[in-house]
Amino acid sequence: MPQFFANTALLPEGWANDVLITADEGGWITDVKTGQKSGAAQILPGPVIPGMPNLHSHAFQRAMAGLAERATGDKDSFWTWREVMYDFLDQITPEDMEAIAAQLYMEMLKAGYTAVGEFHYVHHQPDGTPYDDPALLSRHVIAAAKKTGIGITHMPALYAHGGFGGQKPVSGQKRFINGSDAFLDIITALHRDYKDDPQVRIGLVHHSLRAVTPEMLNDVTAKVHDMDSDAPVHIHIAEQTKEVDDCIAWSGQRPVEWLLENAPVDERWCLIHATHMTDEETESLAKTGAVAGLCPTTEANLGDGLFNLPHYLASGGKLGIGSDSHISVSMIEELRTLEYGQRLLRRERAVVKTPGNPSVGSSLYKMALAGGAQAMGRPIGGLEVGKRADFIVLDPENPALFSKKDDLTLDAMVFAGNVNPVKDVFSGGVPVVKDFRHVRELEIFEKYKDTLAKLLAPKGDDALNERLRNAAAHDDTGAVKALLAEGANPYDTDEKGRTAFNRAASNGLEALDLLTREAFNDTQKPLGQRRWKEYELNTPSGSYQSTLITYAAKVSSVDLVREMIKAGADITIVNGSGWTLLHCAAVMPGRSAVLGELVTAFQKQGHGDLIDALSTHVYETEYNGHKVVFGRDLTAAGLCQARIDQDSKVPAELPDYMALLGPF
């Protein structure tokens, strides 16, 4: 049987030294003794404390963290954030869900969470059609928990309506919607398949009072409790003031007030957020024995408000913490924000404390352990016989913890540092984090990276073409090649009329050369084989009305320019900026051979009239930050001299250009 030895450990009765913890092969603690020798036990290299339950998670939202931090122009709130969430969720596959959840759960374990309460409301395909297995997405989330080793209370959510009183769902909610019978089928299947797994518990979620009718709420709760009398029941409630106002308009009561009068709320329930309560609601909730599931970082991120914490605790209320939308995955930040929010509101310190225990960090940690374990419906949250062997080892070399003892360790952990102090993590007696790294970290992270890259990539032909334009502008030739292979069209224009050629013309010269070569090769293919069939060699495109040889004159090899001329490229082209091919070649370094080829072509084709036109053309522009003037009486040779006069950083080759152009 596995044995673990801790020099110091937090037990239910307090801190103890020389602690020997024995577990069985199934991950259950069978014995805890103090004042022992280490013997053959595995030595735990730091203070040992029970792992923290994370009672509220929407796993998929980890992948969208940071995407909703942009002002919309209106007053932003939970409701504007929700629209971003709906758009992001629309593209997630079952495999994506598992990859995201695995990354999240790995991060949770590294942060010291050893159990997660997954509030799972995504059930169907993006168009709202159920999968052949209606519980498919739940199974992928549970698979992610199994892969990482975290314990999970998986709670499918009943979500049937879009607003109070049975309102019709909106389009963004189509993946969530079930009737009572279809929903109970999901719960029944999951309960059957996982009831004997000590790392998995199946519970029930009512998404919110907005999403279910009173009849559904009570009927489904009763049927789930017929199946499992101790099944945990969670619900979002009173998170935003709009929700409170809408509930009053519907029922004449506030959300928590209505729930406590109309549902069998007891110690099996967890009310998530419950942010906006009167003192009477606060006291009534505390008396039920239910847990308030607080998510301080998400509540702060969404601008929800602050929970009525001191009054709730004074009334004997129980609480736990969750990371909810996962804009932060840190138990320390949740606990710290919980306390600091109250300090800011009340302008005092040490708000959360318990009788006989002046340690704020210890009080917070122990409350969250007990409340989280109750809300999860699993035997966790303490180093004692009969509970899961879920514990974390703190880093004794962490600067914030160094030389701290007992409750000072928890005070310092919560309030005195920003470096993760969690060194090792055991879940069900199995080591899942060692020296700050998860045992499957690389595998899980690589899969997550691939998934996120896919989810955040622009979608559709327009997006593919925009990615090509951006790659060209940044001279990313590897990306340009890959995007062309995917079918991106370099002639497609953005809102300013710029093609990929235009975007590359100033800053992406290698990409421009690549695009020019690829496009010319395309024009030489039989019509039926061309990717960009509507464009011929002399078709101008984009806001600058340039052809391929216009770009080639600037960047491509003399061989390619020669091939274009042989193929019938019009060397008399004047682009939308009034530039001839001579202008285009003259403003770039290293173009002597190209200018020579153009001179020869002009001579062979007898375009003296073009040169005459150049001598009277007046043109002034900005190019690469420099003022360039093509003035009256300036030949192409004069153009080169003008560049020398106006630009102190001209290429050394420019005087040679004038010699080449001299015959004109």
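The values are calculated or read from the model by the stated rules, or taken from the named source; none is laboratory data. Given the structure is predicted, the values throughout are model-derived calculations rather than measurements. In this analysis, Cβ positions are derived from the backbone assuming ideal geometry, glycine residues included, and neighbour counts consider all displayed protein chains. Protein only, heavy atoms only, side chains kept; ligands, DNA and RNA dropped before computing areas. Shrake-Rupley method; radii C 1.70, N 1.55, O 1.52, S 1.80 Å.
Things to note:
- Pairs meeting the criteria (first residue in the range 193-214 and within 12 Å of Ala157 (Cα to Cα) and in a loop (DSSP other than H, G, I, E, B), second residue of a type outside the set (Ser, Thr, Tyr) and open to solvent by 30 Å² or more (accessible area, probe 1.4 Å), beta carbons under 6 Å, at least 6 apart or on different chains) are Ala211/His161.
- Only one entry in Asp226, Asp279, Asp246 is more than 20 Å from Gln374 (Cβ to Cβ) and free of Cβ contacts under 8 Å to residues at least 24 places away in the same chain, namely Asp226.
- Any hit, the range 307-324, residues being under 19 Å from Asp411 (Cα atoms), charged (D, E, K, R) and either touching a residue at least 12 places away in the same chain (Cβ under 8 Å) or buried (at least 20 other Cβ atoms within 10 Å of the Cβ) (or both): no
- Any hit, the range 437-455, residues being touching a residue at least 60 places away in the same chain (Cβ under 8 Å) and more than 30 Å from Ile150 (Cα to Cα): no
- Within the range 1-18, residues that are part of a loop (DSSP other than H, G, I, E, B) have Cβ atoms under 7 Å from residues that are open to solvent by less than 10 Å² (accessible area, probe 1.4 Å) in these pairs: Met1/Ala23; Pro2/Ala23; Pro12/Gly382, counting only partners at least 6 apart in sequence or on another chain.
- Pair list, Cβ under 7 Å, 6 or more apart: the range 508-524 residue under 12 Å from Val561 (Cα atoms), other residue open to solvent by less than 10 Å² (accessible area, probe 1.4 Å) and not in a helix (DSSP H, G or I): Asp513/Ser556; Thr516/Ser556; Arg517/Ser556
- Candidates are the residues of the range 354-378 that are part of a loop (DSSP other than H, G, I, E, B) and of a type outside the set (Gly, Ala, Ser); the one that is most open to solvent (accessible area, probe 1.4 Å) is Pro355.
- For the range 379-397, taking the residues that are part of a loop (DSSP other than H, G, I, E, B) and touching a helix residue (DSSP H, G or I) at 6+ places or on another chain (Cβ under 8 Å), the one that is nearest to Asn7 (Cα to Cα) is identified as Gly382.
- Options Asp476, Asp522, Asp494: the member that is acidic (Asp, Glu) and open to solvent by less than 10 Å² (accessible area, probe 1.4 Å): Asp522
- Evaluated against (1) crowded, with 20+ Cβ neighbours inside 10 Å; (2) touching an Asp or Glu at 6+ places or on another chain (Cβ under 8 Å); (3) over 30 Å from Asp266 (Cβ atoms), Ser330 falls short on exactly one condition, (2).
- Considering (1) open to solvent by 40 Å² or more (accessible area, probe 1.4 Å); (2) more than 30 Å from Phe88 (Cβ to Cβ), the lone condition that Ala71 does not fulfil carries the number (2).
- Checking each residue in the range 452-466 for being at pLDDT 85 or above and within 19 Å of Ala519 (Cα to Cα) picks out Asn465, Glu466.
- Test: residue in the range 530-548 that is assigned to a helix (DSSP H, G or I), crowded, with 16+ Cβ neighbours inside 10 Å and of a type in the set (Val, Ile, Thr): no
- In the range 249-268, the residues that are in contact (Cβ under 8 Å) with a residue 12 or more places away in the chain and over 35 Å from the mean Cα position of the chain (by Cα): Ala249, Trp250, Ser251, Glu257, Trp258, Leu260, Asn262, Ala263, Pro264, Asp266
- Flag: Arg62 matches the condition of being open to solvent by 40 Å² or more (accessible area, probe 1.4 Å), modelled with pLDDT under 95, under 19 Å from the mean Cα position of the chain (by Cα) and not hydroxyl-bearing (Ser, Thr, Tyr).
- All conditions in (1) among the aliphatic types (A, V, I, L, M); (2) at pLDDT 95 or above; (3) open to solvent by less than 10 Å² (accessible area, probe 1.4 Å) hold for Ile43, with the sole exception of (3).
- Members of the range 130-159 found to be among the hydroxyl-bearing types (Ser, Thr, Tyr), assigned to a helix (DSSP H, G or I) and either more than 15 Å from Asp193 (Cβ to Cβ) or out of contact with any Leu (no Cβ under 9 Å at 6 or more places or on another chain) (or both), listed by number: Thr148
- Criterion: touching a residue at least 12 places away in the same chain (Cβ under 8 Å), open to solvent by less than 10 Å² (accessible area, probe 1.4 Å) and over 30 Å from Arg440 (Cα atoms) - qualifying residue of Phe183, Phe164: Phe183
- Residues that are surrounded by fewer than 17 Cβ atoms within 10 Å (Cβ to Cβ) and farther than 19 Å from Lys404 by Cα, drawn from the range 4-27: Pro12, Glu13, Asp24, Glu25, Gly26
- Residue satisfying condition, being in a loop (DSSP other than H, G, I, E, B), at pLDDT below 95 and not charged (D, E, K, R), within set Val329, Val351: Val351
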